[in-house]
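Enquirer: Before I ask anything, let me first share the structure, which is written out below as structure tokens.
The values are calculated or read from the model by the stated rules, or taken from the named source; none is laboratory data. As the structure is a prediction and not an experimental result, all values here were calculated from the model. When we count neighbours, we look across all protein chains shown, and the Cβ atoms used for this are built from the backbone with ideal geometry, even at glycine. Just so you know, the surface numbers come from the protein's heavy atoms only, side chains and all, with ligands and any DNA or RNA stripped out. Shrake-Rupley method; radii C 1.70, N 1.55, O 1.52, S 1.80 Å.
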Amino acid sequence: MTHKINRRDALKTSAAFGAALWLGRSGRGAERPSEKLNLALVGVGGRGADNVGGLASQNFVAFADVDDSRAGKTFEKHSGVKRYRDWRKMYDEVGSKVDAVVISTPDHTHFHPAYAAMQLGLHVYLEKPLAHNLWETRTLCDLAREKKLATQLGAQRHAMSNMHRVVELVKSGAIGKVTEVHSWIGGTRGMPDVPTDAPPVPPHLDWDLWVGPAEYRPYHPSICPYGWRFWWDYGTAETGNWGCHILDIPYWALDLKYPTKVEASGPPVDPERTPKAMAMHYEFPARGDQPAVKLHWYHADKGPEILRKLKLSEKGNNTLFIGSEGMLLCGFDRRELLPKEKFAQYKAPEPFIPDSPGFYKEWIAACKGGEPATCNFDYSGPMAETVLLGNLAYRFGGFDWDAKALKPVGNPKAEAMIREAYRKGWSV
């Protein structure tokens, strides 16, 4: 394993890029809090357009997007911003002029632009689930720490006030010691139809660059711009799509980090496509005065079976904490202590988690030398790894997890997928 991108093959950038790389600009940003950050953005259509809107208070230097049509509204609204298709060329030309990079591309193309930006000493805002495999995720987290960079994973629901109140209830001991948590996402998305036709690549799309480091397959509109989420080569299933939002709740409330055991179940595994449902089960060790905990994640149409067993509704909810003194059922914007009669007179603790100034504002302030953003990679990296571990266990069987060694113990098939091979020209 090397922590240096091959600039000739992967970046194809000039000597100027290399010179900037070796200058080692560690964590630079605006000189004064009142100054605007100079930003470059990779991916500005779809979710990327939302991030453009959220960061509109700052100075946009350049945009890179492989799809002129999907990025069209952003390009039109910000017509004075220099635009590129290839982020490598953008970094080459403006890398020395920006403070930070925002990356909002499909999962399989998170790592390369993020890693190259960090090598240049640029702060990074990166969409979930951080990266496409375990090695990429750990590598980005380690590099961010080494370079002392301001990072933020796009789990923006972390800033919601109800999330704060849920965490306060758990941490204050309202339901006692928590030993089990069930979290879920509904729906049946997955297992898309395999294309039987091969339409031409539209002129507004650079398909080869969209495929990037992944194994090449012909273009099809059912894959790009959105269906990629349900192909293992490009996406990480509904687990990767929602896991870093929903598991953020128990991760934060229970101070979780790395599981020691991972199991999973579901329909027969398809080597190319993600399933319509699956379940994952994690074991976490004791933490301080908190006992060991079992965390269950489900992609299930009407939520997990335990809801029906306890006669609870999945509507508006996504997490059930089970403690020694009761239960807490919650979602992003609701919470309920159970059994109701026991907690009828319960008085919640005075709020002790400060309100967020705004999810983007947290990262902007961190880039300018302030406190780390709440979903910085030291916090969100282990959570993202856990999400990917569940997919790995579903596809290749469960295992004990050696987090320090980044190794699924006794499972060579899973171990082989910790770090995936890249297409020629994208080697690391």
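Enquirer: Quick one: which residue in THR188, THR239, THR179 is among the β-branched types (Val, Ile, Thr), open to solvent by 10 Å² or more (accessible area, probe 1.4 Å) and not in a loop (DSSP other than H, G, I, E, B)? Spell out the reasoning first.
Expert: Values: THR188 fails: not in a loop (DSSP other than H, G, I, E, B); THR239 fails: open to solvent by 10 Å² or more (accessible area, probe 1.4 Å).
Step by step, each of THR188, THR239, THR179 is checked, and only THR179 is among the β-branched types (Val, Ile, Thr), open to solvent by 10 Å² or more (accessible area, probe 1.4 Å) and not in a loop (DSSP other than H, G, I, E, B).
Enquirer: For a quick check of your reading of the model, give me the residue pairs whose first member lies in the range 89-104 and is under 18 Å from TRP210 (Cα atoms) and open to solvent by less than 10 Å² (accessible area, probe 1.4 Å), whose second is of a type in the set (S, T, N, Q) and assigned to a helix (DSSP H, G or I), with beta-carbon atoms closer than 6 Å and at least 6 apart or on different chains.
Expert: VAL102/ASN51
Enquirer: Return yes or no: is LYS276 within 18 Å of TRP231 (Cα to Cα) and either of a type in the set (Ser, Thr, Tyr) or open to solvent by 20 Å² or more (accessible area, probe 1.4 Å) (or both)? It would help to see each step written out before you state the result.
Expert: On the way: within 18 Å of TRP231 (Cα to Cα): yes; either of a type in the set (Ser, Thr, Tyr) or open to solvent by 20 Å² or more (accessible area, probe 1.4 Å) (or both): yes.
Criteria met by LYS276.
Enquirer: OK, next. I need the full set of residues from the range 402-418 which are closer than 17 Å to HIS132 by Cβ and either hydroxyl-bearing (Ser, Thr, Tyr) or open to solvent by 70 Å² or more (accessible area, probe 1.4 Å) (or both), in order please.
Expert: GLU415
Enquirer: Would you be able to say whether some residue in the range 343-366 is over 30 Å from ASP233 (Cβ atoms), in contact (Cβ under 8 Å) with a residue 24 or more places away in the chain, aliphatic (A, V, I, L, M) and surrounded by fewer than 16 Cβ atoms within 10 Å (Cβ to Cβ)?
Expert: Yes, because at least one residue in the range 343-366 is over 30 Å from ASP233 (Cβ atoms), in contact (Cβ under 8 Å) with a residue 24 or more places away in the chain, aliphatic (A, V, I, L, M) and surrounded by fewer than 16 Cβ atoms within 10 Å (Cβ to Cβ).
Enquirer: Pairs under 7 Å by beta carbon, first residue within 18 Å of VAL211 (Cβ to Cβ) in the range 45-66, partner open to solvent by less than 30 Å² (accessible area, probe 1.4 Å) and part of a helix (DSSP H, G or I), six or more apart or different chains?
Expert: Correct list of pairs: GLY45/THR74; ALA64/TRP87; ALA64/MET90; VAL66/LEU209; VAL66/TRP210.
Enquirer: Taking interchain pairs and intrachain pairs at least six residues apart, which have beta carbon atoms under 8 angstrom, with the first residue in the range 257-271 and among the acidic types (Asp, Glu) and the second in a loop (DSSP other than H, G, I, E, B)?
Expert: Between residues of the range 257-271 that are among the acidic types (Asp, Glu) and residues that are in a loop (DSSP other than H, G, I, E, B), the close pairs are GLU263/GLY398; ASP270/MET191.
Enquirer: Next question. Could you tell me whether ALA292 is at pLDDT 95 or above, in contact with a Phe, Trp or Tyr (Cβ under 7 Å, 6 or more places away or on another chain) and surrounded by fewer than 20 Cβ atoms within 10 Å (Cβ to Cβ)?
Expert: On the way: at pLDDT 95 or above: yes; in contact with a Phe, Trp or Tyr (Cβ under 7 Å, 6 or more places away or on another chain): yes; surrounded by fewer than 20 Cβ atoms within 10 Å (Cβ to Cβ): yes.
Criteria met by ALA292.
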